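The values are calculated or read from the model by the stated rules, or taken from the named source; none is laboratory data. What you see is a predicted model, and the numbers here were worked out from it, not measured in a lab. Because the Cβ atoms are built from the backbone with ideal geometry, glycine has one as well, and the counts that use them run over all protein chains shown. SASA here: full protein model, heavy atoms, side chains in, ligands and nucleic acids out. Shrake-Rupley method; radii C 1.70, N 1.55, O 1.52, S 1.80 Å.
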Amino acid sequence: GWDFGTNDNNPQITSGNHGVFVTGLAAAHTDNGLGISGVGFNVKYLPIKIADHNELLINGYEAIVYASEHGAHIINLSWGGKMLSGSSFEQDVVNYVTFNRGCLIVAAAGNDGNEIPFYPASYKNVLSVSMTDATDAKVASSSYGYNVDIAAPGGNVYSTIQGNSYTSSSGTSFASPITAACAAIVKSYFPAFSPLQIAERLRVTADIIDTMSTNITYYNLFGSGRVNLYRALSDNEIPSIRLMNVDFIGKSPNQIKAGDTIFLNAEFKNYLAPTQSLMVKLKSLSSHVSILDSIHAYGSVGSLVSFSNPTLYRIIVHQDIPIDEMLDFKFEFSANHLHIPKISFRSAAFGL
């Protein structure tokens, strides 16, 4: 490994237990009758430290590139911070390791208990992980929002600490390596999968939990469900449709007024199993707009095929829409007689 905090080849931490705890959840030895079993059975791990002498996190994105160029297939990021929008440089790093190096980045969604975007988890092509407890309920401190992809246990989990010992702790920092280890096993089981196919396999086979009474407040805001590794390895017939790009077309490029008709064009991609009888429905989560021609039929769509809606969705903006209203939309998919995880997204284009 490498220490990017002090620029040497000794990544051993000098204080605290965060990195040791994270690593144990992903990679602790199994079947040895000692302590815990990490989720990543027989996984190889590359330890990388980004804390300097003052415990400040530095050079994180340089560390991501290093990991991608030194054999990592899955990169876990149990760190980050809140930002209203991300950095183009950091997104470029994510894209580089995803598409040029073939690495999946898995990242903690944050522990702020709100839906303010948390980065790097909120970047495109990163699998963002929220936190549940042993009953599948959202842990109060777990961040949430449309950028979250999946949930995993992170409340009061047990793992390794320094001094050959073990303890319990909570955080999305710990849900993330559990998910990353699941991703490593999926990679070993499906070695030809791309990074995003691995992520989609975990996402579409997750157990739906946002309809539980304890989670209903976070419906649409907690990812596709709680990770289920068994289903990720065994459910082979599920497609995964993802929104790649969406364009709103109005009378003026930057201003939309009450009473306007807006046209929406969407581009999708199927990452997994071929579909039959694919139906896509656009819904508005706001009462201030109506959607015409909301259901489109696509028929059969092959694996790794991109496609667009055959005709534009029409959105009517009501006269009562408030100024600077943020509108939330949702695409719902059905195919092969199966439910496919929905995609919810927010449009800032409707500032009046």
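Please count how many residues of the stretch 179-219 are outside any helix (DSSP H, G or I), under 23 Å from residue 125 (Cβ atoms) and either in contact (Cβ under 8 Å) with a residue 24 or more places away in the chain or in contact with a His (Cβ under 8 Å, 6 or more places away or on another chain) (or both).
The qualifying residues number 3.
If you go through the stretch 279-296 one residue at a time, how many are within 25 Å of residue 145 (Cβ to Cβ), open to solvent by 50 Å² or more (accessible area, probe 1.4 Å) and either assigned to a loop (DSSP other than H, G, I, E, B) or in contact with a Gly (Cβ under 6 Å, 6 or more places away or on another chain) (or both)?
2
Could you pull out the residue among 141, 176 that is buried (at least 24 other Cβ atoms within 10 Å of the Cβ) and either touching a residue at least 12 places away in the same chain (Cβ under 8 Å) or part of a strand (DSSP E or B) (or both)?
Being buried (at least 24 other Cβ atoms within 10 Å of the Cβ) and either touching a residue at least 12 places away in the same chain (Cβ under 8 Å) or part of a strand (DSSP E or B) (or both) holds for just one of 141, 176, which is 176.
Which of the residues spanning the stretch 221-269 are in contact with an Asp or Glu (Cβ under 9 Å, 6 or more places away or on another chain), crowded, with 16+ Cβ neighbours inside 10 Å and over 22 Å from residue 126 (Cα atoms)?
Answer for the stretch 221-269, where residues must be in contact with an Asp or Glu (Cβ under 9 Å, 6 or more places away or on another chain), crowded, with 16+ Cβ neighbours inside 10 Å and over 22 Å from residue 126 (Cα atoms): 250, 264.
Pick from the stretch 1-29 the residues that are buried (at least 17 other Cβ atoms within 10 Å of the Cβ) and without any contact (Cβ under 8 Å) to a residue 60 or more places away in the chain: which of them is nearest to the chain's Cα centre (by Cα)?
19
All but one of (1) loosely packed, with under 14 Cβ neighbours inside 10 Å; (2) in contact (Cβ under 8 Å) with a residue 40 or more places away in the chain; (3) of a type in the set (S, T, N, Q); (4) outside any loop (DSSP other than H, G, I, E, B) hold for residue 300, so report the exception by its number.
Of the numbered conditions (1) loosely packed, with under 14 Cβ neighbours inside 10 Å; (2) in contact (Cβ under 8 Å) with a residue 40 or more places away in the chain; (3) of a type in the set (S, T, N, Q); (4) outside any loop (DSSP other than H, G, I, E, B), the odd one out for residue 300 is (2).
So which of 12, 91 is assigned to a loop (DSSP other than H, G, I, E, B) and out of contact with any Ser or Thr (no Cβ under 9 Å at 6 or more places or on another chain)?
Criteria check complete, one pass: 12.
Of all residues in the stretch 63-101, count the ones that are at positive phi and surrounded by 15 or more Cβ atoms within 10 Å (Cβ to Cβ).
Residues in the stretch 63-101 being at positive phi and surrounded by 15 or more Cβ atoms within 10 Å (Cβ to Cβ): 1 in total.
Under 19 Å from the mean Cα position of the chain (by Cα) and in a loop (DSSP other than H, G, I, E, B): does that describe residue 86?
Answer is yes for this residue.
State whether the residues of the stretch 219-238 include one that is at negative phi, touching a helix residue (DSSP H, G or I) at 6+ places or on another chain (Cβ under 8 Å) and among the polar types (S, T, N, Q).
Yes: the stretch 219-238 contains one or more residues that are at negative phi, touching a helix residue (DSSP H, G or I) at 6+ places or on another chain (Cβ under 8 Å) and among the polar types (S, T, N, Q).
Could you say which residue among 249, 216 is over 17 Å from residue 128 (Cβ atoms) and at pLDDT below 95?
Residue meeting the stated conditions: 249.
Would it be correct to say that residue 80 is in contact with a Pro (Cβ under 8 Å, 6 or more places away or on another chain) and at pLDDT 95 or above?
Answer is yes for this residue.
If residue 155 satisfies every condition in (1) open to solvent by 10 Å² or more (accessible area, probe 1.4 Å); (2) in contact (Cβ under 8 Å) with a residue 24 or more places away in the chain; (3) of a type outside the set (D, E, K, R); (4) part of a helix (DSSP H, G or I) but one, which is the exception?
(4)
Please count how many residues of the stretch 33-62 are open to solvent by less than 70 Å² (accessible area, probe 1.4 Å) and part of a loop (DSSP other than H, G, I, E, B).
12
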